[in-house]
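Colleague: Pasting in a structure now, in structure tokens, and then I'll have a few things to ask.
The values are calculated or read from the model by the stated rules, or taken from the named source; none is laboratory data. The structure presented is a predicted model; accordingly, all values stated were derived computationally and were not measured. Positions of Cβ are generated from backbone atoms using ideal geometry, with glycine treated the same way; all protein chains shown enter the neighbour counts. Protein only, heavy atoms only, side chains kept; ligands, DNA and RNA dropped before computing areas. Shrake-Rupley method; radii C 1.70, N 1.55, O 1.52, S 1.80 Å.
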Amino acid sequence: SVGVGGRGRRDVCARVASASGVTDVSVGHAASHALDMGRVGTLGTTAGGKDCATGAVHVAVGNNKDRGKVLSFVAQKPRKGAVLPIQSDLSVDVPAGLSHSDAGTLSILALNLVGALEAQGVNQRKDFKGKKAVVLGGIDGGCASVSTQLLSAWGADVVTVTTSNAYKNTAIGAKQVIDPRKVSFAEELENFDFVLDTLGALDVTVIAADILLTRLMVSPVSLRSLGNEGHTTVVQTLRKSFGAVYVPTASPLLLRACGDGLLRGGAAIASLVRGNLPNDIADPFLPSDRGIDVVADALQMAAEGLIDHVPAQVVTSAELFEAFSWPRDADTGLRYGLPAPSLFEVEPMESEDEPVFVRQHIADLFAKDESGLVLESADDLKSIITATKNSVETAVLFVGASWCRRCKELLPSFKALAQKLGPDRPDVHFRIMDAEQLKSVAKTLEVTDVPEIIVFKEGKRKSTWLNTKTSSLMELSVRQAL
């Protein structure tokens, strides 16, 4: 068996040894947290082998008169200053130079990260060498910070998508830092292999369902009839297109805090400093031999300087704030970063083994149609704007995107409005533009969100904001603008 860095048992930190298998440790640091048992099932189990979703992990770090500094996993919340009897097979020596608190925090983060990777079938060092990995989250978060450093040590080129300080993230190994508030994740990253989500957890089946409903011609009824086998096929097809393995690594306590809201969640995170876990998380997690090896190897990597920044807590208040305030897509509600809808360009499948609903693409709503409303180029828009410069004519431009759900809902109404007003208002030119196809034009127009309706008069863009929340409000806004 191998540890975090891929080294064998004889090369990692030594286990605590004693003739009786039990030794005493004076506790200098105590830490308690929660682990998702669905992720760390290969690294340990709850005491008594109970089947539960979340396990409580308790770590005691202290001094042993014979072995020196020792880290041990215990079944109950430890108390700083106490002298505890610990089991040698649940303990490892802590390398010199590594503080009590760093060892305790790192042990929990290492179990969480490696367990999440193995749950997705990822072999750490082998699979990351020479690959491009994305970490959603930054240095302010425990999981993101350690993930960035470990992945870099395993040979990956790491890109962090975070609102935290860019310089600090590059200092711990990030090759590139993207601020999701300023840069489109989808446009910036094209070829990558792994996405580690330290701030949330997306259900890939739900993503697949959303993409099917918005990008492919699949009704909710046919979607429900797919069953587990159909969903699996969809997920595999989208993964081939997306190109990346999605690995959720966010702490279950962070996810719970986000669900409770910023104030209540912040109070819960603050109580973790005192080792207070929620009452319903009581079954203690105890690592297997494999789990102990993972922890021992992580501590050794820290001693060697491969991990030189360990946060004070497993989950921090700053991490909660970043997760809670992460920008989201107005139409889908999905967090920017993953999935980026424009990345799911599912190509028609030629094989008859693939289900029909994957091969049947949605008709392109922005393609040129009989109405002739769709702009083909920047010159088309320029000519229309020029036509309004020295006349009473007006241009109304609908800017959308093929992945935008609300655009699909509003576009038929916009076309109907153009047809309705056409005979009475020949001075008004209605046009449609796909922001995905004419990105340079969208950038020139300073389009920051879709759908957006822009009115041009006298060769200039009017500052009037048009409501696009519903079809009726859109029609009312257009009529008022005219």
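Colleague: Would you check the accessible area of residue 290, probe 1.4 Å, heavy atoms only, in square angstrom rounded to 10?
Modeller: Number for this one is 40 Å².
Colleague: Same structure, new question: Which cross-chain or sequence-distant (5 or more) residues have an amide H under 5 Å from the amide H of residue 428, H modelled 1.01 Å from N in plane?
Modeller: Amide H neighbours of residue 428, under 5 Å, 5+ apart: 394.
Colleague: Would you mind telling me the antiparallel percentage of the DSSP bridges in segment 375-468, rounded to 5?
Modeller: Within segment 375-468, antiparallel bridges account for around 55 percent of the total.
Colleague: Take each of the peptides 377-385, 431-439, 446-454, average the number of other beta-carbon atoms within 10 Å over its residues, and list them starting from the highest.
Modeller: 431-439, 446-454, 377-385
Colleague: Here's something else I'd like to know. Quick one: of 182/443; 389/415; 382/443; 132/175, which pairs are farther than 19 Å apart, Cα to Cα?
Modeller: Distance filter (> 19 Å) returns 389/415.
Colleague: Further question: PRE reach from residue 26 (point 7 Å along Cα→Cβ): which of segment 81-122 fall under 14 Å by backbone N?
Modeller: The answer is 81-84, whose backbone nitrogens lie closer than 14 Å to the label point.
Colleague: Now for a different question. Suppose R0 equals 51 Å; then what is the FRET efficiency for residue 53 and residue 472 from their Cβ-Cβ distance, rounded to the nearest 0.05?
Modeller: Given R0 = 51 Å and the Cβ-Cβ separation, E is 0.70.
Colleague: Let me ask something additional. So, with a 1.4 angstrom probe, what is the percent of accessible area on segment 425-482 that is carbon and sulfur?
Modeller: On segment 425-482, the fraction of accessible area on carbon and sulfur atoms equals 48 percent.
Colleague: Here's a follow-up. Show me the ranking of peptides 414-425, 156-167 by mean Cβ neighbours inside 10 Å, starting with the highest.
Modeller: By packing density, highest mean first, the sequence is 156-167, 414-425.
Colleague: Taking residue 420 as the anchor, which lysines have their alpha carbon closer than 22 Å to its alpha carbon, excluding any fewer than eight residues away along the same chain?
Modeller: Within reach: 368, 408, 457, 469.
Colleague: Work out the length of the dipole vector of segment 378-423 about its Cα centre, built from +1 on the beta-carbon of each Lys and Arg and -1 on the beta-carbon of each Asp and Glu, and round it to the nearest 20 debye.
Modeller: 220
Colleague: Using amide H atoms built in the peptide plane, which far-off residues or other-chain residues are under 5 Å from residue 57 H to H?
Modeller: Those qualifying (amide H under 5 Å, at least 5 residues apart or on another chain) are 33, 34, 35, 285.
Colleague: To continue, here is another question. Can you give me the distance in nm between label points at residue 308 and residue 382, each placed 7 Å from the Cα along the Cα-to-Cβ direction?
Modeller: 5.3
Colleague: Per-residue HN-Hα couplings for segment 421-429, Karplus 6.51 cos²θ - 1.76 cosθ + 1.60 at θ = phi - 60°, whole Hz, x for Gly and Pro?
Modeller: Taking θ as phi minus 60°, the curve returns 7, x, x, 8, 10, x, 7, 9, 10 Hz for segment 421-429.
Colleague: When you count, for each residue, the other Cβ atoms within 10 Å and take the mean per peptide, how do 90-100, 32-42, 262-272 rank with the highest first?
Modeller: Order by mean packing, descending: 32-42, 90-100, 262-272.
Colleague: Heavy atoms only, probe 1.4 Å: what % of the accessible area of segment 49-193 goes to carbon and sulfur, would you let me know?
Modeller: Carbon-and-sulfur percentage of accessible area, whole number: 44.
Colleague: Between residue 63 and residue 482, what FRET efficiency comes out of the Förster formula 1/(1 + (r/R0)^6) with R0 = 56 Å and r the beta carbon distance, rounded to 0.05?
Modeller: 0.10
Colleague: A follow-up question, please. Taking θ = phi - 60°, what integer Hz values does the Karplus form 6.51 cos²θ - 1.76 cosθ + 1.60 yield along segment 96-106, in sequence order, with x for Gly and Pro?
Modeller: Going residue by residue, I get 4, x, 9, 6, 4, 5, 4, 5, x, 5, 5 Hz, with x marking Gly and Pro.
Colleague: Keeping every protein chain present and rolling a 1.4 Å probe, give me the accessible area per residue for segment 81-195 in Å².
Modeller: I get 37 Å² per residue for this part.
Colleague: Each label point is 7 Å from the Cα along the Cα-to-Cβ direction; what then is the distance between the points at residue 282 and residue 425, in nm?
Modeller: About 6.7 nm, to one decimal.
Colleague: For segment 129-134, take each phi angle, set θ = phi - 60°, evaluate the Karplus expression 6.51 cos²θ - 1.76 cosθ + 1.60, and give the result in whole Hz per residue in order, putting x for glycine and proline.
Modeller: After applying 6.51 cos²θ - 1.76 cosθ + 1.60, I find 4, x, 9, 9, 10, 10 Hz.
Colleague: If the only charges are +1 at each Lys and Arg Cβ and -1 at each Asp and Glu Cβ, what is the size of the charge dipole of segment 257-320 around the Cα centre, to the nearest 20 debye?
Modeller: Here segment 257-320 has a charge dipole of around 320 debye.
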